[in-house]
C-alpha cells in the first residue's frame, strides 16, 4: 500500500535505543526514568519502545493516551503528569496508577473515587520552586497536605514529591535548585515520619545534572520525553554532548509541488500575513524556490524544521505550504521529489496529531 506524503517516519528502534541509553546513564545515579509520551500524542508503539528500552513508567498529561498504551499491551505503571481535573477523578483512578497533584480538593476527590473503585491511588505532590507553573509555593501548606494524606485519606498513598522547571518560567534545573526539592521532600518526611518513595526532579532539561554528575543524591526519578524522541534541546541550546542519542528518531518527509526561480523580496505593498504578523525580508535577487505540500496546519512552526540537506533554507510557511530556498543545493530538485526534515519536540506534537500527515513506523 502506498501511503503517500506528507508523512512522519518514526524509527522505533532508535527510540528504544535512546531510552536505553538514558536509562543506563541515569541508573548510575540511582535515578529511574519514566517515559513521557505526550510529545507524540501518545502513539502506543512509542510507549512500547519506551518500555522495551527500560523506562520504569509511562507518563502523559492526557488520560486517553495512557488508556491507549494499556490497550496496546504496555505493562508498566502509568502516571498522569497534569493535575487531574475534578471532572476526571473517576477516570484518573481507573486509568492511571499515579498522578501529580497540587490541590487538596482534587486529592480528596481522588480519595473518594478510589474508595468507590476499591483502589489505592498514588499521588506525587508538586512543589513550585520558582518556575511558577504547578505546585505548592508555601511549604508549610505542602507539609500539612502531606500529613492529611498520610493520616486521613485511606485510599490515597503519598508516593513522593516532584518539581517542574523550565516549562513556564524557564528556570534552570541547577544542582542548587534540585537540592531545594530534596530539602522540601525531607521536610515532608519529617512531618509524616517516613521516607518518600519518589523525589521527581523534573523532565528532559534535568538530564543536564546527570551529564554533569551533580544531581542531588536523593533525586531518584525523572520524567523524560523530549530528549528520547528528539534529543535537541540539551545539545543545541545548552551545549551538552548528546552524541549517544539518535537525533533523527522522527523525520518529516514532504513532496515538492512547485519549483521556480523567483524574487526574494515581495513585490507590492507589504502588510500582515494571514496570521496577522509582520515579517522582514532580505533582497537577495532571483533565487530557486521550492514549495512543499505541508504547512503550519500540520506542524505549526517552520523554525522547528531542520532540513536533512543542509543547503536548504526554510524561508517560511502558511497553513498549506512551506517555502524553501534550494538555490545552493547540490541536488537539482524537481517537482515530485521528497524533502526530509529532522523535527524538534514541539513540531512533532502537531505532526503526530495532523490527520493530513501519515505515520510510518520503521
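Every read-out reported here was derived from the displayed coordinates using simple, explicitly stated rules and does not represent laboratory data. No experiment lies behind these values; they were computed from the predicted model shown. No Cβ is skipped: glycine too gets one built from the backbone with ideal geometry, and neighbour counts run over all protein chains shown.
Below is a table of values for the structure above.
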{"read-out": "The stretch 62-219: relative contact order as a whole-number percent, Cα under 8 Å and 6+ apart", "value": "18"}
{"read-out": "Distance between modelled label sites at residue 356 and residue 180, nm, 7 Å Cα→Cβ extension", "value": "4.3"}
{"read-out": "The chain: relative contact order in percent, alpha carbon pairs under 8 Å with at least 6 residues between", "value": "18"}
{"read-out": "For the chain, the spread of Cα positions along each principal axis, largest first, Å", "value": "73, 44, 41"}
{"read-out": "Gain in span if fully extended, residue 152 to residue 29, counting 0.36 nm per residue against the direct Cα distance", "value": "40.8 nm"}
{"read-out": "Debye intensity ratio in log₁₀ form over the Cα atoms of the stretch 250-361, taken at each q of 0.24 Å⁻¹", "value": "-1.49"}
{"read-out": "Debye log10 I(q)/I(0) for the stretch 285-344, one point scatterer per Cα, at q = 0.27 Å⁻¹", "value": "-1.27"}
{"read-out": "Cα centroid separation, the stretch 210-254 to the stretch 128-155 (Å)", "value": "29"}
{"read-out": "Between 0 and 90°, nearest 10: helix 12-27 axis offset from the chain longest Cα axis", "value": "40"}
{"read-out": "Cα→Cβ-extended label distance, 7 Å offset, between residue 195 and residue 117, nm", "value": "2.9"}
{"read-out": "Helical contribution to [θ] at 222 nm, DSSP H n ≥ 4, -39,500 (n - 2.57), averaged over the chain, rounded to 500", "value": "-8500 deg cm²/dmol"}
{"read-out": "Within the chain, percent of DSSP bridges classed antiparallel, to nearest 5", "value": "45"}
{"read-out": "Degrees, to the nearest 10: 104-117 long Cα axis against longest axis of the chain", "value": "80"}
{"read-out": "Point-to-point label distance, residue 104-residue 338, nm (Cα→Cβ direction, 7 Å offset)", "value": "5.8"}
{"read-out": "Percentage relative contact order, the stretch 202-243, counting C-alpha pairs under 8 Å, at least six apart", "value": "42"}
{"read-out": "Packing rank of 108-120, 47-59, 211-223, where each peptide gets the mean count of other beta carbons within 10 Å, highest leading", "value": "47-59, 211-223, 108-120"}
{"read-out": "Candidates 122, 318, 18, ranked by Gaussian network fluctuation over the chain, Cα under 10 Å, top entry", "value": "318"}
